[in-house]
Structure formats: structure tokens, C-alpha cells
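Please treat every number below as a calculation from the coordinates, not as lab data. Note that the structure is a prediction, hence the values are computed from the model and not measured. Here Cβ is always computed from backbone atoms with ideal geometry, including for glycine, and neighbour counts include all displayed protein chains.
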Amino acid sequence: MTNIAIYTLTSELHDEQAIKAVTNEFLNSLDIEYTFRGNEYADYGTHALDLIYVRTGGTEGIFKRLLPALLKKSPHPFYLLTSGKSNSLAASMEILSFLRQEGYQGEIIHGNATYISKRVKLLCKVSETKKALQGCKLGVIGAPSDWLISSSVDKDKVKEKLGIELIDIPMQVLLDEIEATPLEEVTEETASEVIKHALPGAYQIYRALKVLVQRYALQGFTLRCFDLLTAVKNTGCLALAKLNAEGIVAGCEGDVPAMLSMKIAQAAIGVSGFQANPASIDPETGEMLFAHCTIPFNLVESYELDTHFESGIGVGICGFMKEGPVTIFKVSGNLSRYFIEEGALVRNQAKADLCRTQQVIQLSAPCQTSYFLTNPIGNHHIVLPGHHKDLLEQLMKTL
């Protein structure tokens, strides 16, 4: 079954043969794969994207009669596809106006074949992303770090809007699992005796976290990682880099909104992104420096092992991501706000006085630096490879 289905609305006053010819010409011009269902709405709501092709005028009453049954099948917005022939656009506008008056969301998809194809593919991807998030379980291992005073979360809103369940896991559960996990010899090479000494413990943390992921059936988690510095004299940076690369979203410092941003990004584009702090901003040029001590291994072309910046112990990751297009993304803990902006990674750097992975990013719109200085959503933001603003913005608008 394809992910897109097309249903039709047609007035009985129009000649079916003529309408069929227009339908074939119009749909064949679109660069999309779809299942044509005609006026058979029995499986409406079972696809990633259901399109109602308004073929003619005079169909407003037909849609109104169909609406109660359609609402029972699917709560999704109504997408009205129109070629503009036979007064189809006018009918679609009347239908959409009616939907808005009744409190339902909808959109008319109309334009040239290239625009329609692009729009339909985007909407399909948004729907697929939302379905991928349904039933997801994310862990909060330890409470959020004490300094994250603005990064609270509304669990009910997260469940309602994303279908994600947040599971609190006491830090002691992880510490007990680390203690029960034997140290193993590590073959990874490093010239630093401090890092060489810390590597077995870093891998021990990684294996213990994998046990918790399996035990609680998690698709991701955020970790109050600074507690490890005192509890086991090591860091979670290596573990998070590995787990993210394995498809398990793994965030730092117990930052739940950052973890949600990473999970949304992973569902949408396939990678969880680089959780980082803005370290400096040039408001005039739009150049920003982002830094953190870990980055998913599947985001970098190469990496070096270092110590954790603030403590000088454990294992930190200095990763070098491919230069080029990036997207900065962050959602708030109640999903009422979000920030999305595109830019370019212009260079990686490795200065000693910052968290180990450092990225200099040029925002496409320098004026967007005002967001960071006047109305930010916390400190952590997610850096994603590639330009994804259209997809992420459309997704957030539908929540």
C-alpha cells in the first residue's frame, strides 16, 4: 500500500467521461506515487496522507454529508486537492471555509504540477513523522540539571501532541547498573594517559545505559550526566555519541526539551542532531559558535578523544562535522514555541577553552540572532545537517 491515497468529490451534473479524462491528465502530471480510491471512502484515514480531490463544483453538499463519517475515521487536517478545472477551486474554497467555521483544519492544494508534487510529498513526510512518534517512550534519567531553570516540561502536552510518554528513572538505577557492569579492556587508541585510564569506565557507562534502554523499552533518553563526574569519576559523553549513532536518542544534562527536539528531528530526517550551547554570537553578521562535549558519531567525518571540558576528567568528544548546510532547531517543554533557522557550518574548531566539539555557523538570516539574545528557548539548541526548515516548520504547525 502506498502512503498517499486520493479520494474524489464529483457533482452528478458533470459528464463522467469528460471528468475522467481531466482527472487522468491532472494526476498523471504529478510526480507522486498514490493509490486512487475514487469515491470509495471505506479506508479513509489509514494512509500517511489522504487527499480529497475536488474534481468539480457543486460538491460542497456532498462533502458536508460525508464529514461526520470522515471525522470518525481520521482526526487529521483535510487536504483538498484541486486542478482548478470545472469550478473545483471555488468549491474547495467553500468547503474549506465551512471546515474553518466548524473548527477543523484544512488546506487547499492547488498550483502547477511541480508545486503540488512538492507540497504533497512534504505533507506526507510530516504525517509519517507524526506517526513515527506515536507510542514512543523517552526516559529522563535523573532529574534535569539544577541550572536548567527554564527547561521544564508539560508531560500531558507532550503525550497529547506528540504521542510521546516520558518516563522518570532515578539516577541511582543507572549507578547501580554501572556498578553491576564489569569493566572490559578497550582497544581504542589514544596518546593521553588520562583518557586511556578513563576509557574502560566510559564504555561501562555505555553498556549500562543500553541495559536501561532495553529494560524500559526506550527509544531515547536524557541523562543528568554531570552527576557521573562525582559518582563514578567519569562522563557520559562517549556513551551518548555511540547511542545516538545507533539510533537511540541520547541527550545531555537531563534537558527534556532538547531531547524532544532531537527525537522530533530523528523521526523527521533520520538523525538526532548535535545538542550544543551557543558560546558566542555576532549580532551584526549572524555568525554563531556552538559547542558541547559530545556529538553523535554518525554526524561527523572524524573525531578525537579529549577530556570533559569543565572537569578535565573522563572522555569528551571533539567531532568534526562536514561543512555545509545546517538547521538550528529547538522546541519548548510544552510545545507552544519553537525555533527553526537555516544556516551553514563554515568551520569546525578545537580551542582548549571551550567544550570539545565546536562549530562556527553562519545563519542565513543574521537578524535571527535577536531570538537568542531576547527570547531564547533555553540554552541548548540542536544543530542538524542539511536544510530542513520547511519540513520542521510544517510539522510544528500541525501539532
Review point. Residue-wise, which Karplus ³J(HN,Hα) couplings in Hz belong to region 238-244, taking 6.51 cos²θ - 1.76 cosθ + 1.60, θ = phi - 60°, and x for glycine or proline?
Key: 5, 4, 5, 4, 6, 5, 4
**Study point:** Scattering profile of region 114-224 at q = 0.14, 0.22 Å⁻¹ [log10 I(q)/I(0), Debye over alpha-carbon scatterers]
**Key:** -0.77, -1.16
Point to revise | Amide hydrogen neighbours beyond the local backbone of Lys85, cut-off 5 Å, H modeled | key: none
Review point. Taking the alpha-carbon centroid of each part, what is the distance from region 238-303 to region 186-236 in angstrom?
Key: 17
Revision key, fill the gap. All alpha-carbon distances of region 288-350, grouped into 10 Å bins from 0, give the whole-percent distribution 18, 41, 30, 10
Study note, to complete from the structure: At q = 0.08, 0.10 Å⁻¹, the log10 of I(q)/I(0) for the chain from a Debye sum over equal Cα scatterers comes to -0.51, -0.73
Review point. Antiparallel DSSP bridges in region 137-397: what percent, to the nearest 5?
Key: 75
Practice item. Starting from the exponent 0.38 and prefactor 2.2 Å, build the expected Rg for region 4-133 from its residue count and divide its actual Cα Rg by it. Key: 0.99
Point to revise | Derived scalar couplings ³J(HN,Hα) [region 30-39; Karplus, 6.51 cos²θ - 1.76 cosθ + 1.60; whole Hz; x for Gly, Pro] | key: 8, 8, 9, 9, 8, 10, 8, 10, x, 9
Revision key, fill the gap. Output for region 161-242 (equivalent-ellipsoid semi-axes, sqrt of 5λ from the C-alpha gyration tensor, Å, descending) is 25, 13, 12
**Study point:** Label point at Asp31 placed 7 Å out along Cα→Cβ; residues across region 103-118 whose backbone nitrogen lies under 11 Å
**Key:** 113-118
Revision key, fill the gap. Cα convex hull volume per residue for region 197-330, in Å³, equals 114
